[in-house]
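Okay, so here's the structure we're looking at.
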Amino acid sequence: MALRVLEDDFENNRFNDDKCHTLSSVEQMKVEETVQMCYSYLKDELGLEIDESESSQQEIKEETALPRLKRWKHKKFLLKGLEQLSQSYQCLDASRCWLVYWILHSLDLLSVDLPDPVADRVIEYLGRCQNPDGGFGGGPGQMSHLASTYPSVNALCIVGTEKAYQTINRVKLQEFLQCMHTANGGFIMHQDGEEDIRGAYCAASIAKLTNIMTPEMFDKTPEWVIRFRGSRWIFLLWSGYSGVARTRGTL
């Protein structure tokens, strides 16, 4: 399979702001320039300038030239990260549940089965992140937040055991999501927190995944989400904000 950089329409996938420059569109294009430099370097480094007419030779060369995923090294690195992280991660103290989710998701993509003792420790840790109000904090003792409830619930579902599922207090979680719902259909991220489209996405994903969705929980939410639609169906983070690539197609 060819790298995306070798595809004929690669350049056509670039962000187009329709000549309406905003802070976020400028930043998006800067990121794409950086990505282009990385692709170009990889293309030159691997010698993937191949004659399109020699299709058979192209397939052979790509098979031998493309980098190989060293699964065992990634597995070792990820499992180590579940046990202990270096001091450089101290700044992510409020994102510890995200680190657990990212690691588990990566292991899941690699089809790695968690050893039972590791799975039990993950379950026990995330159980301590869930607060009496039903939401999850970024770590034990931290305030409930939709942006930390989302990865915590997903991580427990990736573990996928009955013990992991039972760790989620679905009754209280449903109450928490309902409390985050606002009268206009939106969702605040935490008690007295900001209201933006992330909240709606996190709440919908959590509710669907745990089968606690109710009509009342998302009353007026579809209409509220539509208000954030920008040009070319790019959804904005909040009303008046410029659409960026990470919000495109989220909902």
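Tabulated results
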read-out: Average silhouette area of the range 113-183, convex hull of alpha-carbon atoms, in square nanometres; value: 4.6
read-out: Listed residue pairs exceeding 32 Å between alpha carbons, taken from 73/208; 75/163; 172/220; 76/163; value: 73/208
read-out: Percent RCO, i.e. relative contact order, over the range 65-140, from Cα pairs under 8 Å lying at least 6 residues apart; value: 34
read-out: Lysines whose Cα lies under 23 Å from that of residue 19, excluding same-chain neighbours fewer than 8 positions away; value: 30
read-out: Peptides 107-115, 178-186, 94-102 ordered by average Cβ neighbours within 10 Å, highest first; value: 94-102, 178-186, 107-115
read-out: Computed E for residue 93/residue 121 - FRET, C-beta separation, R0 30 angstrom, nearest 0.05; value: 0.95
read-out: Directionally averaged shadow of the range 78-199, computed from the convex hull of its alpha-carbon atoms, nm²; value: 8.0
read-out: Neighbour net charge for residue 30 - beta-carbon separation under 14 angstrom, K R +1, D E -1; value: -3
read-out: Simple spin-label estimate for residue 157 and residue 19 in nanometres, 7 Å along Cα-Cβ; value: 4.4
read-out: Within the accessible area of the range 91-189 (1.4 Å probe), percent carbon and sulfur; value: 56
read-out: List 158, 103, 226, ordered by accessible area with a 1.4 Å probe, largest first; value: 226, 158, 103
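The values are calculated or read from the model by the stated rules, or taken from the named source; none is laboratory data. The structure presented is a predicted model; accordingly, all values stated were derived computationally and were not measured. FYI the Cβ positions are ideal-geometry reconstructions off the backbone, even for glycines, and counts take in every protein chain you see. Side chains included, ligands, DNA and RNA excluded: accessible areas come from the protein's heavy atoms. Shrake-Rupley method; radii C 1.70, N 1.55, O 1.52, S 1.80 Å.
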